[in-house]
Amino acid sequence: MTSSGTNPPRPPAERLSPAWELLLPAAAAPARGRGRALRAALRDAVRSGRLAAGTRLPASRELAADLGVSRGLVTEAYEQLTAEGYLRSGRGAGTWVSEGVRAAERPVRDRAPRTAGARYDFRPGTPDLSLFPRGAWNAAQRSVLGRMPHGALGYPDPRGLPELREALADLLARRRGVVADPERVVVCSGVAQATTLLGFVLRDEGVVAVGVEDPGSPEHAALFAATGLDAVPLPLDDEGLALAPLERSGVGAVVTTPAHQFPTGIGYSARRRGELLDWARRADAVIMEDDYDGDFRYDREPVGALQGLDPERVVYTGSVSKSLAPGLRLGWLVAPAALTERVVARKRTMDLGNPVLDQAVLADLVARGGYDRQLRRCQRAYRERRDAMVAALDEHFPGTAVSGIAAGLHVIARLPARYGPEDVFLERAASAGIALRPLRDCGTAGAEDGTLPLVLGYAHLAPAAIARGVAALAAAVRSGRSGPGRPDGP
């Protein structure tokens with residue numbers, strides 16, 4: 001109470017209706033940026049739908065008094081948003097939210113491929129992201145930034161930084177037997193972009209259909225289809241892609257995973273490799289080699305890349321998605337001479353090249369030996385986890401046959417028929433919070449012998465978590481009931 005007996009003026013927060021309280025942070029902004037903040041707050045309120053179409057705004061004098069800002073600030077905000085179409089006004093009719101503005105969808109959704117709420121996720125394809133060499137990557141990034149000239153931050157060569165292409169050419173020749181001229185190495189956003197680049201180039205060359213392994217990675221067919229090519233499923237036998245169906249198919253190209261076929265886990269035989277190259281020469285066709293986990297062989301040295309036998313018929317692709325992290329989106333394509341310029345031209349129109357800083361950091365890691373150390377670290381960890389998976393299956397699902405070579409980040413486990421039928425088995429696993437991928441998801445209808453074939457990933461789980469997860473799966477299948485549990489991490 002004042003000496004005159006009147007109440008003091010209320011502060012802005014007490015005078016505003018709830019609809020206008022959203023402008024208070026803008027009114028409290030520093031004086032120099034207050035007008036910009038007020039315009040941004042009004043714009044966001046209209047876009048988000050908090051100020052609905054047809055809402056009448058307070059008079060500029062009234063709103064200015066309530067916010068504790070100058071009337072000119074509010075008038076300028078109204079005039080600017082009217083010019084942009086967010087507001088409408090008429091002489092003597094006030095200011096209104098325009099009906100022509102559509103409220104934006106407010107939630108920001110994360111569509112990353114994860115299984116929400118899974119206690120154990122045995123789906124294949126994910127490495128252990130906790131093995132990412134944060135310290136080495138940080139050190140390389142500081143080193144690279146310290147010596148990188150300003151001009152290097154401009155638009156890069158769409159093929160990739162020269163130092164990375166040189167480092168990759170040396171790495172691929174040394175570790176995978178690839179014939180890799182740095183001028184024919186194209187840095188891509190993973191094998192997915194390499195596949196898309198090749199698909200567009202093949203379509204421009206007149207190819208209409210590409211063969212894909214069946215069973216195989218579903219992504220291959222989807223990526224080629226996105227470029228306008230038909231994907232023709234082609235069966236496998238014990239040595240690799242079956243030749244007779246390939247000969248009959250009439251395709252102009254075929255995609256293969258010869259070092260460690262996904263998902264069956266077989267390695268293409270030497271005879272089948274030669275037959276496949278003979279087919280490509282006779283048919284004037286192209287082979288795409290997806291060497292997605294060729295570095296990870298646990299019982300012997302990995303077999304060299306198919307591309308080394310005929311660099312002019314084989315397009316070689318790979319990435320750091322299994323060795324470092326898929327989120328880096330760094331991979332490579334080694335093109336035959338006849339296709340190189342067309343691949344580079346298509347890469348230029350797609351994205352003008354990959355981020356230069358990440359390329360420079362990877363080049364530094366490869367050149368200084370850090371990438372080789374990372375591969376050895378992953379090799380040791382994934383070999384131990386594969387052994388843990390095989391042992392757990394043997395203990396909890398006796399009679400299970402694990403097929404394929406000792407390599408990669410997954411196994412094919414064929415459970416005995418007594419654990420079926422498959423649909424019931426998968427339903428019980430899901431109800432227990434266990435994420436699985438049946439072999440039928442990779443393009444094959446299932447097992448003709450009545451077994452339950454599963455594609456089980458293990459690389460992202462520690463051995464103890466693998467053992468607990470397989471035990472939990474066995475318990476769920478026996479009881480048909482799910483139990484409470486907390487997610488297990490690596």
- request: Report, in debye and to the nearest 20, how large the dipole of the stretch 257-341 comes out about its Cα centre when Lys and Arg carry +1 and Asp and Glu carry -1 on their Cβ.
  value: 160 debye
- prompt: From the list (1) 1.12; (2) 1.05; (3) 1.00, can you say which value of Rg/Rh (Cα atoms, Kirkwood Rh) was derived from the structure given?
  reply: (1)
- prompt: Relative to the Cα centre, what is the charge dipole magnitude of the stretch 190-274, using +1 at the beta carbon of each Lys and Arg, -1 at the beta carbon of each Asp and Glu, and rounding to the nearest 20 debye?
  reply: 160 debye
field: Gain on full stretching of the segment that runs from N138 to V402 - 0.36 nm per residue minus C-alpha separation
entry: 91.1 nm
- prompt: Which percent, nearest 5, of DSSP beta bridges in the chain are antiparallel?
  reply: 60 percent
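Compute the length gained on full extension between S269 and L309: take 0.36 nm times their separation in residues and subtract their Cα-Cα distance, giving the result in nm to one decimal.
13.0 nm
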task: Please work out how much accessible surface S323 shows to a 1.4 Å probe, ignoring ligands, DNA and RNA, in Å² rounded to 10.
output: 10 Å²
- prompt: Projected area of the stretch 91-240, taken from the Cα convex hull and averaged over every viewing direction, in nm²?
  reply: 19.8 nm²
query: Under the rule of -39500 (n - 2.57) per DSSP H run of 4 or more residues, summed and divided by the residues of the chain, what mean residue ellipticity at 222 nm is obtained, to the nearest 500 deg cm²/dmol?
result: -13000 deg cm²/dmol
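Among all stretches of the chain without exposed trypsin sites (Lys or Arg not before Pro) (DSSP loop, at most 12 other Cβ atoms within 10 Å), which one is longest? The partial results should precede the final answer.
Working: sites that count: R91, R102, R109, R111, R114, R300, R481.
Here the longest run is 115-299.
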Exposed GluC sites (Glu not before Pro) absent: longest stretch of the chain, with sites in DSSP loops and at most 15 other Cβ within 10 Å deemed exposed: 313-447
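The values are calculated or read from the model by the stated rules, or taken from the named source; none is laboratory data. No experiment lies behind these values; they were computed from the predicted model shown. Cβ coordinates were reconstructed from backbone atoms using ideal geometry, including for glycine residues, and neighbour counts include every protein chain displayed. Each accessible area value is taken on the protein alone, full model and side chains, heavy atoms only, with ligands, DNA and RNA left out. Shrake-Rupley method; radii C 1.70, N 1.55, O 1.52, S 1.80 Å.
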